[in-house]
Every structure is written in C-alpha cells, then in structure tokens.
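In what follows, a single structure is set out as structure tokens and then discussed.
The values are calculated or read from the model by the stated rules, or taken from the named source; none is laboratory data. All of these numbers come straight from a predicted model, not from anything done at the bench. Using ideal geometry, Cβ is built from the backbone for each residue, glycine included, and neighbour counts are taken over all protein chains shown.
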Number of protein chains: 2
Amino acid sequence: MSDPEYGQRTETLQRPTPAAARDAVATGIERDALVTVYGRCTVDYDGRATSFLEEGDRHVMLKPDGASLVHTDEGQQPVNWQPPGCDHEAFCEDGALVLESLRSTPDERLRVRFQEVLQVSAFAGTDESELALIGTEEDLRQRLLEEPDLLESGFTPLATERDTPAGAVDIYGEDAAGQAVVVELKRRRVGPDAVGQLRRYVDALERDLHAEATVRGILVAPSVTDRASRLLTEHGLEFVSLEPPAE
Amino acid sequence: MSDPEYGQRTETLQRPTPAAARDAVATGIERDALVTVYGRCTVDYDGRATSFLEEGDRHVMLKPDGASLVHTDEGQQPVNWQPPGCDHEAFCEDGALVLESLRSTPDERLRVRFQEVLQVSAFAGTDESELALIGTEEDLRQRLLEEPDLLESGFTPLATERDTPAGAVDIYGEDAAGQAVVVELKRRRVGPDAVGQLRRYVDALERDLHAEATVRGILVAPSVTDRASRLLTEHGLEFVSLEPPAE
DNA sequence: CCGTGGATATCGACC
DNA sequence: GGTCGATGTCCACGG
C-alpha cells in the first residue's frame, strides 16, 4: 500500500458511530494491528461451554494472531476470551457494533455486542522480543551441580536426566558412602504429586540396578506441603530445602 | 469532587509527553478507572521469579483492583502481569514514564519503562454483571441425579460430595445389586489423571467401609484417552460416556 | 496431531 | 492465611 499514512502506528476514535467503529476495527484487523474496543456491551460465548454476560462496561482486545480477550475492571483473568487462531469479524447489526471471534476444532464462538462504543483503537506496532526468565528448575540444577555439598556433604553427581522406566531422573549420583541417590528438583513448593514422582524413580532404579539394591530418594525444593512431608516419611524418602539462585 | 467533568467516562491522550502521561495515569488510578497505556517499553519483573523484556511495543492495562497485564500482539496470556491486590504507581524517571505495580506476600514488583508512549486511556465505567456459565460438571451431575439410569439400570445415588480421606466423591451410590459405587464426573475428555483420582477414591472408600468391602468405580465423561482407557481396565474401573446437557 | 506435564499458573472452597 | 483440587485452564514439548 502506498498511502504514506499506512505507517502510522495508532488510530483512535472516541464515541464513534457503530459504522465508523466497525470500519476502524475491520481496518485494524486487516492490517494485523492490535485492536481494542471499550464500551457497554453484552458477551456471548458458545463452544466447549456456554456463557452469557449481561450489559456492562468492558475492554475488548482483538489480537492479530486471532486471540480475543474481554476484560472488566476486576481480576487478572479475562471474563471471556478466545484462544489464538480465531477469525475476527466486525459488523453492524440492528445499528449496533458486533465483534465475533470464531474457530473450529473445537467449534467456538465469542460474540460481543456493543450498546455503546466509547473508544476504538488500533495499534500497529509489534513486539519481536523474547522473555528472559531466570530462577527456573534448570538454574536450581546448575546450582546443585556446581555445589553438590548443598545437597549433603560428600554427594557426587554422576548423571543428569538419567533414564529410567519411570522417566528421566533430574540428578543421579552417589553419597559419601557410595550409595545410589536419586534427586528430584522442583523450583517451588511441592505437593504429594512430586513425592509420587520421586518414588516411581526410586522404585524403577532399584529394579534396574539389582534385586536388593537400595536407592536413596531426595526431593529438593524451596519447601514442601504438610501432606507431601508425611508421604515422604511414609516412603522413606528425604527432603532438602533449596531455592533456585536468587538472581 | 465537584468538577462537572469528573463524570466523564473516558479520557485519552495521543503521544503525550512523559509528564502528561504520568498525570493521566495517576489521575485514572486515583479515580478507580481502568487505565491502558500503549507504547514502546521494557518490562522488569522481580518476585517469585525474575524476568526481563527487551524494548518492544506493548499494551499495558492497570486495573483498579490492583491487577496489571502486559500484552504483546500475540497469545492469549499476558507476557507479564501482576495479580490483583497490587499498588500501582506512575512516575517519570530520566524523562521516561515508568509504571510500577507492587505487592508484598510475596514481595513482587512489575516495572514498565516507556521509551515512547503512543496512547494513554482511562476508562471509568464498571461492570456489575455476573457470568452465567452452563454446560459444567455441575450440570452433568444434575443430569445424572435426575436420571440415574443414564449411568446404568438400577443405579441409586445416595450422596453427592461424600467425603473420603482422598477427597470428596462426586456421586456416591449403589447399583442394582446393592454394591457401593463411586462416580467421578468430568465435563470433557479425560486422561490418566482422572483415573488416578477415581482410584484414590475407590481405595479410600474401601478402607473406610470395611476390610473386605468392594467398591465399584465409574468414570463419567464425554470420552476417554487411549492410555486412560487402558489404566481403567488395569485397575478394574469402568467408564460411561455422558456429556453435560447441551444447552 | 494427540497426549503429557509445567506454570510467576489462576481461582474457588475448605480447613 | 494455607492447602488442595479444578480449569472453556494455557503452553511447550515429545511421540
């Protein structure tokens, strides 16, 4: 497109007519912009579940990847939404702006009908940047491999991701006495599920090694729930409190 | 406040100066409005984890309940966020607009620094409406309680949410032969996890009732994964295909 | 493509 | 406030 104005990054209308709003939304979608509409509306969802929202003021966001989000002034979660991969449509019906986001597999439809549009915006910029997240389970593993004594004095790591019939063990090694040790890492507080996981590893490895081999199982996490703690004792497993590196 | 303009529901600035943007955001927060800012920014999060986003165009939403959401043009989920209950702050630093959302327990900080602000909006309306969702697990339970024969001929429900050491059973009852039956409901296709859950209920109830009591376990869902199906057979459990009522 | 497990999960219910 | 289970979970990864 040769229109020099095409490069402009935002387009906003205040209190537009339904037709003007429809055009602005349609143009925004067309240009792969992020489109937002704020106003008084009802919301219909029909698909894996069914829902209906009475008239209220809400913020609707249509993303170029096909996602839609309907937000009220409360809560971290949208009150209604559609995942990426939908087709957005904007049209007027009985003199009102209607936004629809549709997809198949599964068949789902989100429909927002505006009694009043206070603002329509289209933002054409893009992100292009990746999130750098640290403090993960991988960081915790690095930390333990660098300083095995954090687990216990004399611990020697022998392998990471050692394979067992029950899956890959986070860290496999031996203690000061030369006994096999299975270490299961979790970056946050753990519940009974992690205990079950560790137990399966220990069982699988004992079967794998020798008939009468004993394998120690140690769960490493910042903390543990009460129920999980009891389960650990029950199954002769151990717990070491360690957090992923702070930075 | 006696300002007649106070009642206006939206306030929007295009390409404001950092100071003007700060004032608009601060006023919006003050008035319990939903505030959005779009522009080129970096994002810092530090708390339960740590993350950093390089410069990019993003849409930031600050809610009056203390939630913040940072959206790019992709994905249903925000790339960064803060849950409700935070304090929002807006200020200028080195000539740039900075938004911060802070909370304690746990100590978390989200910080968005704008290199360029394309738009600031404050929306003062409120929602006040509740979501009506149908086609839930509860609907499925109602359906089964109204027509127990849907499960199998002669089934008699005796209790819902019957408590066991493993948690509350969806429906507890007895079959035509008077044998105890545990029913676990799922509104959608189930995997191995649901089988485990049902098994825990059955085990717990067998321990609860008598030493040699036998309890039947029936999983009710629209469909079941292959692996889960095998697990059911393995553990002597049963499956009945039923969907939540359509409307 | 389906299935499985992780998440700064979120959210509600219950203790 | 914690603890646990459910979610229209979403999401990445592996078979």
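Of B:Leu99, B:Leu118, which residue is more than 8 Å from chain A (Cβ to nearest Cβ), modelled with pLDDT of 95 or more and away from DNA strand D (no atom under 12 Å from the Cβ)?
B:Leu99
Within the stretch B:202-228, count every residue that is within 16 Å of DNA strand C (Cβ to nearest atom) and under 28 Å from the mean Cα position of the chain (by Cα).
Of the residues in that region, 9 qualify.
Would you say A:Val181 is at pLDDT below 95, more than 16 Å from DNA strand C (Cβ to nearest atom) and crowded, with 21+ Cβ neighbours inside 10 Å?
yes
Answer with yes or no whether B:Ala90 is of a type outside the set (Lys, Arg), assigned by TED's automatic domain parsing to the domain that holds B:Ala49 and surrounded by 22 or more Cβ atoms within 10 Å (Cβ to Cβ).
Yes, satisfied.
What residue, among those in the stretch A:26-69 that are β-branched (Val, Ile, Thr) and farther than 20 Å from A:Ser104 by Cα, is farthest from the other protein chains (Cβ to nearest Cβ)?
Taking the stretch A:26-69 and keeping what is β-branched (Val, Ile, Thr), we get A:27, A:29, A:35-37, A:42-43, A:50, A:60.
Imposing the further condition that a residue be farther than 20 Å from A:Ser104 by Cα reduces the set to A:27, A:35-37, A:42, A:60.
Values: A:Thr27: 16, A:Val35: 10, A:Thr36: 7, A:Val37: 11, A:Thr42: 9, A:Val60: 12 Å.
For the stretch A:26-69, the residue satisfying everything is A:Thr27.
Residues in the stretch B:195-218: is at least one in contact with a Leu (Cβ under 7 Å, 6 or more places away or on another chain), assigned to a loop (DSSP other than H, G, I, E, B) and assigned by TED's automatic domain parsing to the domain that holds B:Gly167?
Yes; the residues of the stretch B:195-218 include at least one that is in contact with a Leu (Cβ under 7 Å, 6 or more places away or on another chain), assigned to a loop (DSSP other than H, G, I, E, B) and assigned by TED's automatic domain parsing to the domain that holds B:Gly167.
Please state which one of A:Gln77, A:Gln82 is at negative phi, touching a strand residue (DSSP E or B) at 6+ places or on another chain (Cβ under 9 Å) and either surrounded by fewer than 17 Cβ atoms within 10 Å (Cβ to Cβ) or without any contact (Cβ under 8 Å) to a residue 12 or more places away in the chain (or both).
That would be A:Gln77, the only listed residue that is at negative phi, touching a strand residue (DSSP E or B) at 6+ places or on another chain (Cβ under 9 Å) and either surrounded by fewer than 17 Cβ atoms within 10 Å (Cβ to Cβ) or without any contact (Cβ under 8 Å) to a residue 12 or more places away in the chain (or both).
I'm trying to understand the selection: among the residues of the stretch A:70-92, which are among the polar types (S, T, N, Q), closer than 25 Å to B:Arg187 by Cα and at the interface with chain B (Cβ under 7 Å from one of its Cβ atoms)?
Passing the criteria: only A:Gln76.
Return the only residue of A:Asp127, A:Asp163 being at pLDDT below 85 and within 14 Å of chain B (Cβ to nearest Cβ).
Criteria check complete, one pass: A:Asp127.
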